[in-house]
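The values are calculated or read from the model by the stated rules, or taken from the named source; none is laboratory data. None of the values given here were measured: they were computed from a predicted structure. Reconstructed Cβ throughout: ideal geometry from the backbone, glycine too, with neighbour counts over all protein chains shown.
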């Protein structure tokens, strides 16, 4: 599958035209990671987002006294790290290569330049960011609700 074809299946880019997908693919860089390596650590500065081309990446948090808590296992066509495209905050979790993988890396600067020159792309992409982050916030709220409900009975 071509990078552009894979991008068209990423929910974040679903509303983009073929030409816009081509422009995003053109500014992306492919990086290979061996299993068990870190893409980034919680607290690192974030200047890039990632799309899994092949393999798998585990997003997790280290919990004091409990160890690693996996939040998600991401497979081809899934994206992560997009919060760093929106704000200047440090990474909120670890991203660890679960199975050897290739990632398409998109820098904040490249996406900013694309969105500055293509307002239609910016509009669709920013709404997609909002929907993605809103969905993740809802999932987190559900997990917290379940956690707190189960902790009352122990």
Subset of the range 86-95 (residues that are in contact with a strand residue (DSSP E or B) (Cβ under 7 Å, 6 or more places away or on another chain) and surrounded by fewer than 20 Cβ atoms within 10 Å (Cβ to Cβ)): 91
Residues that are on the phi < 0 side of the Ramachandran plot, part of a strand (DSSP E or B) and either out of contact with any helix residue (DSSP H, G or I) (no Cβ under 8 Å at 6 or more places or on another chain) or surrounded by fewer than 10 Cβ atoms within 10 Å (Cβ to Cβ) (or both), drawn from the range 53-67: 54, 56, 57, 58, 59, 60, 61, 62, 63
Residues (surrounded by fewer than 19 Cβ atoms within 10 Å (Cβ to Cβ) and over 16 Å from residue 83 (Cβ atoms)) located in the range 26-52: 26, 27, 29, 30, 31, 32, 34, 35, 36, 37, 38
Among (1) out of contact with any strand residue (DSSP E or B) (no Cβ under 6 Å at 6 or more places or on another chain); (2) at pLDDT below 85; (3) assigned to a helix (DSSP H, G or I) - the single one residue 122 does not satisfy: (2)
Criterion: surrounded by fewer than 18 Cβ atoms within 10 Å (Cβ to Cβ), modelled with pLDDT under 95 and part of a strand (DSSP E or B) - qualifying residue of 5, 19, 70: 70
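Per-residue answers, yes or no, for (1) under 16 Å from residue 21 (Cα atoms); (2) more than 12 Å from the chain's Cα centre (by Cα):
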position: 60; (1), (2): no, yes
position: 65; (1), (2): no, yes
position: 79; (1), (2): yes, no
position: 84; (1), (2): no, no
position: 92; (1), (2): no, no
position: 100; (1), (2): no, yes
position: 113; (1), (2): yes, yes
position: 122; (1), (2): yes, yes
position: 132; (1), (2): no, no
